[in-house]
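All remarks here apply to the structure that follows.
The values are calculated or read from the model by the stated rules, or taken from the named source; none is laboratory data. Bear in mind that the values here come from a model prediction, so they are computed numbers and not experimental data. Cβ atoms come from the backbone with ideal geometry, glycine included; neighbour counts cover every protein chain shown. With ligands, DNA and RNA removed, areas are computed over all heavy atoms of the protein, side chains included. Shrake-Rupley method; radii C 1.70, N 1.55, O 1.52, S 1.80 Å.
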Amino acid sequence: MSTLQAITLDQVVDTDRYPLSDPDSTEARAVVARARRELAEVGCTVLPDFVRPELHGVLRQECAALAPHAYFDVETVNVYNIDVDTDLPEDHPGRRTFERGNAFVARDRIPGGSLISRLHTHHSFQRFVADCFGLPRLYELADPLSGLVLNVVRPGMEHPWHFDTNEYTVSMLTQEAEEGGSFEYCPNIRSADDECFDDVRDVLDGTRQPQRLPLRPGDLQLFKGRYSLHRVSPVRGGLARHSAIFAYSERPGVIGSVARTRQLFGRVLPGHLAAEGRAVRGDRLLD
């Protein structure tokens, strides 16, 4: 992991296209304006080759070396990540279950000198992401496990239809699957005030088709996953799909729940136990 210690942000990020350190420049304003427009219209924007192409190999190798540290579990879930035995009406989309077989490498397993860790903690990167989302500031998630993770979807597995807990999702593909592993989503299918159960059910029934988003290693994806139903389709072939997820919040000090943390990582830390019960929900959605 030491090969990047002397590399500056300008050498990691294509700052000619994405001038992170000069947010008032014409080029930066144009990038931010496009990102905001696409996020408003379709809930997602992609910044191609955000990491310089000559470092794509380093990005893949570093994350591939981390992948064996992922906590892997196969469980039965629904799109809302609520208990599958919850008493729901017969036609409720939450009654539809899927097998989830993805895995996560926790924050405390990711070295601070790695490329994804250095991006995640860099002030200019954080400010740029906040600008794209139209926010005055974003804070690193205080959670010691989910603040930054590597998602691993092995061949034969998928990350089935779901909504994100956070409104704002920042991710980067680091290794493509040989086949499958496509990111599919239905932008703004629900709102903070309306679950739109009929629309969600149409997607699960296959009568409403999702959008498929082409992603390549090194692309930065900004996504409003709280309101857009999405999934990673089944991975096939000999390679797992790897993606880094940079977790931020509009509020400082955010830590995940004990139940959700144990579900994702198979363990909790004292900080999770101390923070339990202090979470503040920003909406009344199921999850």
Filtered residue count, region 165-192, keeping only those that are assigned to a strand (DSSP E or B), among the polar types (S, T, N, Q) and touching a helix residue (DSSP H, G or I) at 6+ places or on another chain (Cβ under 9 Å): 2
Looking at region 264-287, which of its residues are touching a strand residue (DSSP E or B) at 6+ places or on another chain (Cβ under 9 Å) and either open to solvent by 80 Å² or more (accessible area, probe 1.4 Å) or among the aromatic types (F, W, Y) (or both)? F265
May I ask you to say which residue of R29, R37, R60 is of a type outside the set (S, T, N, Q) and either buried (at least 16 other Cβ atoms within 10 Å of the Cβ) or closer than 28 Å to F265 by Cβ (or both)? R60
Where a residue in region 110-136 is farther than 17 Å from T8 by Cβ and its partner, wherever it lies, is of a type outside the set (A, V, I, L, M), with Cβ under 6 Å and at least six apart: I110/S117; A130/R137; F133/Y168; G134/R36
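Working only within region 21-43, note down all residues that are within 14 Å of P187 (Cα to Cα) and part of a loop (DSSP other than H, G, I, E, B). Write out each step before concluding.
Looking only at region 21-43, we keep the residues that are within 14 Å of P187 (Cα to Cα), and these are 37-43.
Within region 21-43, just G43 meets the criteria.
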Test: residue in region 210-226 that is over 24 Å from V32 (Cα atoms) and either in contact with a strand residue (DSSP E or B) (Cβ under 7 Å, 6 or more places away or on another chain) or open to solvent by 10 Å² or more (accessible area, probe 1.4 Å) (or both): yes
Would you check which residues across region 130-164 are within 14 Å of S249 (Cβ to Cβ), in a strand (DSSP E or B) and among the aliphatic types (A, V, I, L, M) and list them? L148
Taking the residues in region 109-142 that are open to solvent by 20 Å² or more (accessible area, probe 1.4 Å) and among the hydroxyl-bearing types (S, T, Y) as candidates, determine which candidate is nearest to D198 (Cα to Cα). Y139
Of the conditions (1) touching a helix residue (DSSP H, G or I) at 6+ places or on another chain (Cβ under 9 Å); (2) open to solvent by 50 Å² or more (accessible area, probe 1.4 Å), the single one that P155 does not satisfy is (1)
Report, by residue number, each residue of region 245-263 that is surrounded by fewer than 18 Cβ atoms within 10 Å (Cβ to Cβ), of a type in the set (A, V, I, L, M, F, W, C) and out of contact with any helix residue (DSSP H, G or I) (no Cβ under 8 Å at 6 or more places or on another chain). A259
Any residue in region 44-56 that is of a type outside the set (F, W, Y) sitting within a Cβ distance under 6 Å of a residue that is part of a helix (DSSP H, G or I)? List the pairs, counting only those 6 or more apart or interchain. T45/A35; T45/E38; T45/L39; V51/L59
Just the residues that are under 24 Å from L145 (Cβ atoms) and assigned to a loop (DSSP other than H, G, I, E, B), please, taken from region 85-115. G101, A106, I110, P111, G112, G113, S114
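If the requirement is being over 27 Å from A40 (Cβ atoms) and either part of a loop (DSSP other than H, G, I, E, B) or among the small types (G, A, S) (or both), which of these qualifies: G238, G218, G225? Don't jump to the end; show me each part of the working.
Details: G218 fails: over 27 Å from A40 (Cβ atoms); G225 fails: over 27 Å from A40 (Cβ atoms).
After applying the criteria, what remains is G238.
Which of the residues spanning region 90-108 are under 26 Å from T76 (Cβ atoms), free of Cβ contacts under 8 Å to residues at least 60 places away in the same chain and either crowded, with 17+ Cβ neighbours inside 10 Å or of a type in the set (S, T, Y) (or both)?
If the condition is that a residue be under 26 Å from T76 (Cβ atoms), free of Cβ contacts under 8 Å to residues at least 60 places away in the same chain and either crowded, with 17+ Cβ neighbours inside 10 Å or of a type in the set (S, T, Y) (or both), then T97, G101, A103, V105 are the ones that fit.
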